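Scroll down for the structure; my scribbles are underneath it.
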Amino acid sequence: MLTVKDLKVAVEDKTILNGINLEVKPGEVHAIMGPNGSGKSTFANVIAGREDYEVESGSVLYKGEDLLEMEVDERALAGIFMAFQYPVEIPGVSTSNFLKSIVNANREARGLEEMNAMQMLKYIREKIELVGMDEKFLRRSLNEGFSGGEKKRSEMLQMALLEPSLAILDETDSGLDIDALRIVSEAVNKLRTQDRSFIIVTHYQRLLNYIEPDFVHVLYKGRIVKSGDKSLALELEDKGYDWIKEEVDAVAV
Amino acid sequence: MSDSMQTLEQHTKSDYKYGFTSNIETDKLPKGLSEDVVRAISAKKNEPEWLTEWRLKAYRQFLEMTEPKWPNVDYPPVDLQDIIYYAAPKKKKKLDSLDEVDPELLDTFNKLGIPLEEQKMLAGVAVDAVIDSVSVKTTYKEKLAELGIIFCSFSEAVQEHPELVKKYIGSVVPANDNYFAALNSAVFSDGSFVYLPKGVKCPMELSTYFRINERDTGQFERTLIVAEEGSQVSYLEGCTAPMRDENQLHAAVVELVAMDDATIKYSTVQNWYPGDKDGKGGIYNFVTKRGLCKGVNSKITWTQVETGSAVTWKYPSCVLLGDNSVGEFYSVAVTNNRQQADTGTKMTHLGKNTRSTIISKGISAGYSHNSYRGLVKIGKKAENAHNFSVCDSLLMGDKCGAHTFPYLEVQNNTAKVEHEATTSKIGEDQLFYLMQRGLSEENAVNTIVNGFAKEVFNELPMEFAVEAQKLLAISLEGSVG
Ligand SMILES: Nc1ncnc2c1ncn2[C@@H]1O[C@H](COP(=O)(O)OP(=O)(O)OP(=O)(O)O)[C@@H](O)[C@H]1O
Ligand SMILES: [Mg+2]
């Protein structure tokens, strides 16, 4: 699905990702953890195609294609979805109209027919239930005035609607109350299939109780410094990052 | 995509160099402006003597006036002697049906996507199409006539309802109101006239398409709408102009009069040719639009979507004379490339408990300049007047400019005046977010821009709103990236 090789990325001449290697196979769930500022969101943004970042070296293959050559919208239409850490507000744009247009844009890209208003309503209702959202959000402007948790759920709703091949969740669990966390996790679990992959960025091992990852990676100073299975997350929960930092920094000296 | 949108799109394509100019033989005066020209126009139109005199008086006043320099726009001076002041498509005789209309003219209509006959019936819209200076065809007239509604060309009104024209012409915008209004008063060519008798609610939207057709012909339309007590009307004005190289002056005057409990809604989509990417060519649009809320509880709403013209200078205003009267102004003004717009409104509160709302959304892209200029004036006797203004600017790129000039004159301390203003840049974050969901860049920009302008689009009649949104998209094509 996704093969990242020695990826180095800079912002304004400052290197932020310093040689990332990662292989995500269809159906796998990878968790990425790591201290604040280690480059997790940067990595997610680079995969999604944000322009502010300069790829210095390395390669990213997605379904066998050179991902770095693709525009943001091409990547999205090719099945890459990113749930934002901080979803942006878009005033005056009705959520329901927005959902309709993104669903149809993605259907078109997959060679499917556009949904008419009735089909769309049914489809959206189905997914709204899945993520436990209130229908009244459909009438509001996109993300405008949504609480932190509501924004995250709206991201999950969009993911459910677009049925991506690769979903990257950037701290979707942050700011969610316990019930919401459970509902969102269940939604992700329902969307887990043999060919859909997830990259889940999180600070909390709690989420990984609900969504069992196949791999856990620790990102530190722009590099994956440790990988393991879900027990690594438990270990981090227990001991914090200091021991890893020490290991890495000792080697660096 | 509808035909009209395709046509508009053609206008914006740079390889479509000269637009289309139909070859209808025109009966036109030579270039230049003088008392003789004013007299000749009046004579061509077979006008009564009082109107000829009215024009001449306006012309003499005009000679004493100078072009206003205060708008925040910059353009080479217009040579008024280089303009043809009268051109009319040659008429064979009075036309009874479309079959009798010059086929070339019909073809032009089709290129413009103007819906005729069937389309009109389906759309429920009566269209009074003005090509150059003379109205060619007015439909639905009989149907409206049954209700006592008069909807016709201005020239026709002069012939058939001279007493109404005489009573109201210049009553809201005096002939000497300003330089361009005076010019219009002297040489106005044609336009629309609407009269609603007491208590009549117009059952359909009244719509006029304007079009500049003849090369080097300045257009000087004049529109007058009078709504008697308790009547209601919604009027749509839509403009498209073909490509051309020479700058063209367009100086219209619109006067609205609303009596007790009457409501007039005047909506405009303005898409005159804006000039090319480097600012060559394009229409100068210097318009005086004013509505008088003469009666108690009367209401006038101006809604405008301004995307065209090289230079725009336009302030649809309301004089709130009647007690409890309401004035509203909703505006989206888009400028791209080298366009310049200085637009806004004047709300003059004279009666008690008068209310006004101003919602202005300016969108600037390219190297354009977009200014909002608004005056809220509360007179001595205007007890409990209330104004609410919002004026937002959206910038696309960093070469364009947005400016706001709000003025306030309050002579009565019971007044309540609220003003909000914001300026924002179209956000990289917003674009990235929308594109991450699979929308193309163009689509993402349109989504953001339409969201920004939504409050104004909500005020437009449905079909117009859809068209306006597409127009916005076309106007901003290629402005990002
Ligand atoms: N556009 C930018 N301009 C300058 N610095 C940036 C930019 N984007 C990211 N950075 C820097 O890159 C580093 C990594 O940021 P990133 O957001 O990827 O961290 P993170 O691991 O997601 O952190 P957190 O856990 O707090 O979300 C930080 O030091 C951040 O300040
Ligand atoms: Mg982050």
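Screening B:E49 on (1) acidic (D, E); (2) without any contact (Cβ under 8 Å) to a residue 40 or more places away in the chain; (3) surrounded by 11 or more Cβ atoms within 10 Å (Cβ to Cβ) shows it passes everything except condition (3). For the subset of segment A:127-136 comprising residues that are over 22 Å from the mean Cα position of the chain (by Cα) and not basic (K, R), which member is surrounded by the fewest Cβ atoms within 10 Å (Cβ to Cβ)? In this case the residue turns out to be A:D134.
The residue that is farthest from ligand 1 (Cβ to nearest atom), counting only those in segment A:208-229 that are without any contact (Cβ under 8 Å) to a residue 60 or more places away in the chain and farther than 20 Å from A:E246 by Cβ, is A:D229.
Taking the numbered list (1) surrounded by fewer than 17 Cβ atoms within 10 Å (Cβ to Cβ); (2) within 26 Å of A:G240 (Cβ to Cβ); (3) of a type in the set (G, A, S) in turn, A:A44 passes all entries but (1).
A:P26 meets the conditions (1) closer than 18 Å to A:L219 by Cα; (2) under 18 Å from the mean Cα position of the chain (by Cα); (3) not charged (D, E, K, R) in every case but one. The failed one is (1). Of the residues in segment B:409-421, at least one is without any contact (Cβ under 8 Å) to a residue 40 or more places away in the chain and within 14 Å of another protein chain (Cβ to nearest Cβ).
Grab the strands (runs of 3 or more DSSP E) fully contained in segment B:268-321, keeping just those with 3 or more residues being touching a Lys or Arg at 6+ places or on another chain (Cβ under 8 Å).
Details: elements: B:283-293, B:299-306, B:311-314, B:317-320.
Filter on segment B:268-321 gives B:283-293, B:299-306, B:317-320.
If the requirement is being at pLDDT 90 or above and over 16 Å from B:L472 (Cα atoms), which of these qualifies: B:D260, B:D245? Walk me through how you get there before you give the answer.
Details: B:D245 fails: at pLDDT 90 or above.
Unique residue meeting the criteria: B:D260.
What about B:K454, is it among the charged types (D, E, K, R), over 18 Å from B:C318 (Cα atoms) and within 14 Å of another protein chain (Cβ to nearest Cβ)?
Working: among the charged types (D, E, K, R): yes; over 18 Å from B:C318 (Cα atoms): yes; within 14 Å of another protein chain (Cβ to nearest Cβ): yes.
Against the criterion (among the charged types (D, E, K, R), over 18 Å from B:C318 (Cα atoms) and within 14 Å of another protein chain (Cβ to nearest Cβ)), B:K454 qualifies.
Beta carbons closer than 8 Å, at least 6 apart along the sequence or on distinct chains, pair a first residue in segment A:158-176 that is within 12 Å of chain B (Cβ to nearest Cβ) with a second that is of a type in the set (S, T, Y) for A:L161/A:Y123; A:A167/A:S197; A:D170/A:S41.
Working only within segment A:39-54, note down all residues that are closer than 18 Å to B:L431 by Cβ, more than 12 Å from ligand 2 (Cβ to nearest atom) and either acidic (D, E) or under 10 Å from the mean Cα position of the chain (by Cα) (or both). Working first, answer last.
Looking only at segment A:39-54, we keep the residues that are closer than 18 Å to B:L431 by Cβ, and these are A:41, A:44-53.
Restricting the remaining residues to those that are more than 12 Å from ligand 2 (Cβ to nearest atom) gives A:46-53.
Selection gives A:I47, A:A48, A:E51, A:D52.
Just one of the listed residues (A:V93, A:V103) is touching a strand residue (DSSP E or B) at 6+ places or on another chain (Cβ under 7 Å), within 12 Å of chain B (Cβ to nearest Cβ) and more than 16 Å from ligand 2 (Cβ to nearest atom), namely A:V93.
Taking the conditions exactly as written (within 14 Å of chain B (Cβ to nearest Cβ) and out of contact with any strand residue (DSSP E or B) (no Cβ under 8 Å at 6 or more places or on another chain)), does A:L181 satisfy them or not? Talk me through it step by step, then tell me what you get.
On the way: within 14 Å of chain B (Cβ to nearest Cβ): no; out of contact with any strand residue (DSSP E or B) (no Cβ under 8 Å at 6 or more places or on another chain): yes.
No.
Does segment A:231-253 contain any residue that is surrounded by 15 or more Cβ atoms within 10 Å (Cβ to Cβ) and part of a strand (DSSP E or B)? There is no residue in segment A:231-253 that is surrounded by 15 or more Cβ atoms within 10 Å (Cβ to Cβ) and part of a strand (DSSP E or B).
The values are calculated or read from the model by the stated rules, or taken from the named source; none is laboratory data. Since we're looking at a predicted model, the values are computed, not measured. Every residue, glycine among them, receives a Cβ derived from its backbone with ideal geometry; neighbour counts consider all protein chains shown.
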